[in-house]
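Reviewing the structure listed below.
The values are calculated or read from the model by the stated rules, or taken from the named source; none is laboratory data. These numbers come from a predicted model, not from an experiment. Heads up, the Cβs are rebuilt from the backbone with ideal geometry, glycines too, and the neighbour counts pull from every protein chain shown.
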Amino acid sequence: MSSQGPLIDNPTAVSRADVDAILARGQLPTIQFSQPAREGLLRSVNDLAADYGERLHIRFYGHYSDVFDAAVLALLPDVQWLSVDKLSHIRNERCLAELAKLKKLSFGVHRFSDSGFLDILPLEGLTELAIWESERKSLDLAPLARARLLERLTVSSHRKGLAVIASLPALRDLELWRMPRSQDLAFAGEAPSLRTLKLLLGGRASFDELKQPTLEALTIAYVSGLSSFGAMERFPRLRVLDVQHQGQLRTIDLDGVSLEKLVVMDCKNLETISGLATQDRLREFRIARTKVPLDPLLQQSWPPSLSVLGLYNRSRTWNEQARAALDARGYREYAP
């Protein structure tokens, strides 16, 4: 979903000045409720939603001592960016179907079993959608075929109808959470406009079946059992590679790609990164807690494009000395 800024949590009142102050700092405000709110307050929040549109995020979460009653959404007909997530139970959830102006939606209810829920939503107007896991993981994703404007999609655990992703013409950013080992990912390579892909949690030995000529950024994190990336030439336009917490991975082969950013963190058995020396467009490289020898990288001549360089092992003393040496060479530790 869009980047969220400061939280206005369970307010008793919200003023236009509160929202303007956050927007003035270049951030996007979130007004959120973890418990039932007064009707008058929600009407005033809707007035703000009418004025600020998709710059204002409205969220309902928690409701730990009660079931969230989505009937209150009738008081928010002008909402464009809505999250109904981190909930255990919900009732009257089909009231979401009446939100005709909705553009961004995050939905996550643990005890939820209506597999046809997506079919009643106003998907045609959505540009961003996050569907978080439920206890049964039974949501049918096939209705997403109507979401022709969808640019960002997050799916956690749900698999039924997942191949519909291949037919989404505007989809640029895709996050897949907790996909099981048996889930074939080839469909993601058929999405015609895909630029960024994140594979998070779940498990698999490889993702060799995935080929995506338009992909520019790939993130792999906490995917259990992943031992091979395969030939990276399957992603000829790849510019960003972020790999974290991959304990089975022993080598990364960069032949066939020309990266601008490479992050490798907490891959405890990684021994080699082939093709690193030929990455002449690299702007940022950070590596931590692997078996890759760092002393040669500390002395290596890097391309002129490189401005951010971070090398870390498990020795605090070595890290401090390395940082001082890199600072002396003009390298920043983090991107601005």
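The residues listed here are 243, 257; of these, the one that is touching a Cys at 6+ places or on another chain (Cβ under 8 Å), closer than 21 Å to residue 335 by Cβ and buried (at least 19 other Cβ atoms within 10 Å of the Cβ) is 243.
With respect to (1) in contact with an Asp or Glu (Cβ under 9 Å, 6 or more places away or on another chain); (2) surrounded by fewer than 12 Cβ atoms within 10 Å (Cβ to Cβ), the lone exception for residue 25 is condition (1). Residues that are part of a helix (DSSP H, G or I) and within 16 Å of residue 83 (Cβ to Cβ) within the range 49-60 comprise 49, 52, 53, 54, 55, listed in sequence order. Considering each residue of the range 325-333 in turn, at least one proves to be under 30 Å from the mean Cα position of the chain (by Cα), in a loop (DSSP other than H, G, I, E, B), over 21 Å from residue 272 (Cα atoms) and of a type outside the set (S, T, N, Q). Going through (1) closer than 27 Å to residue 267 by Cα; (2) in contact (Cβ under 8 Å) with a residue 40 or more places away in the chain; (3) buried (at least 19 other Cβ atoms within 10 Å of the Cβ) one by one, residue 152 falls short only on (1). Once the range 85-131 is narrowed to residues that are among the acidic types (Asp, Glu), touching a strand residue (DSSP E or B) at 6+ places or on another chain (Cβ under 8 Å) and free of Cβ contacts under 8 Å to residues at least 60 places away in the same chain, the residue that is nearest to residue 146 (Cα to Cα) is 93.
Restricting attention to the range 1-28, the residues that are touching a strand residue (DSSP E or B) at 6+ places or on another chain (Cβ under 8 Å), of a type outside the set (A, V, I, L, M) and either modelled with pLDDT of 95 or more or over 22 Å from residue 131 (Cα atoms) (or both) add up to 5. Looking only at residues of the range 111-157 that are hydrophobic (A, V, I, L, M, F, W, C) and assigned to a helix (DSSP H, G or I), we find that the one that is farthest from residue 176 (Cα to Cα) is 120.
How many of the residues making up the range 299-317 are of a type outside the set (Lys, Arg) and under 17 Å from residue 264 (Cβ atoms)? Residues that pass the stated criteria total 9.
All told, residue 258 meets the bar of being within 23 Å of residue 302 (Cα to Cα) and free of Cβ contacts under 8 Å to residues at least 24 places away in the same chain.
Tell me the strands (runs of 3 or more DSSP E) entirely within the range 230-318 that contain at least 1 residues that are under 24 Å from residue 203 (Cα atoms) and within 22 Å of the chain's Cα centre (by Cα).
Answer list for the range 230-318: 240-244, 261-265, 284-288.
Just wondering, is there one or more residues in the range 53-63 that are within 27 Å of residue 135 (Cα to Cα), of a type outside the set (Phe, Trp, Tyr) and modelled with pLDDT under 95?
Checked the range 53-63: at least one residue is within 27 Å of residue 135 (Cα to Cα), of a type outside the set (Phe, Trp, Tyr) and modelled with pLDDT under 95.
Once the range 187-203 is narrowed to residues that are among the hydrophobic types (A, V, I, L, M, F, W, C) and touching a helix residue (DSSP H, G or I) at 6+ places or on another chain (Cβ under 7 Å), the residue that is surrounded by the fewest Cβ atoms within 10 Å (Cβ to Cβ) is 187.
Please find, among 45, 79, 84, 72, the residue that is crowded, with 18+ Cβ neighbours inside 10 Å, hydrophobic (A, V, I, L, M, F, W, C) and in a helix (DSSP H, G or I). If you could, list the steps in order and put the result at the bottom.
Values: 79 fails: in a helix (DSSP H, G or I); 84 fails: in a helix (DSSP H, G or I); 72 fails: crowded, with 18+ Cβ neighbours inside 10 Å.
Matching residue, one of 45, 79, 84, 72: 45.
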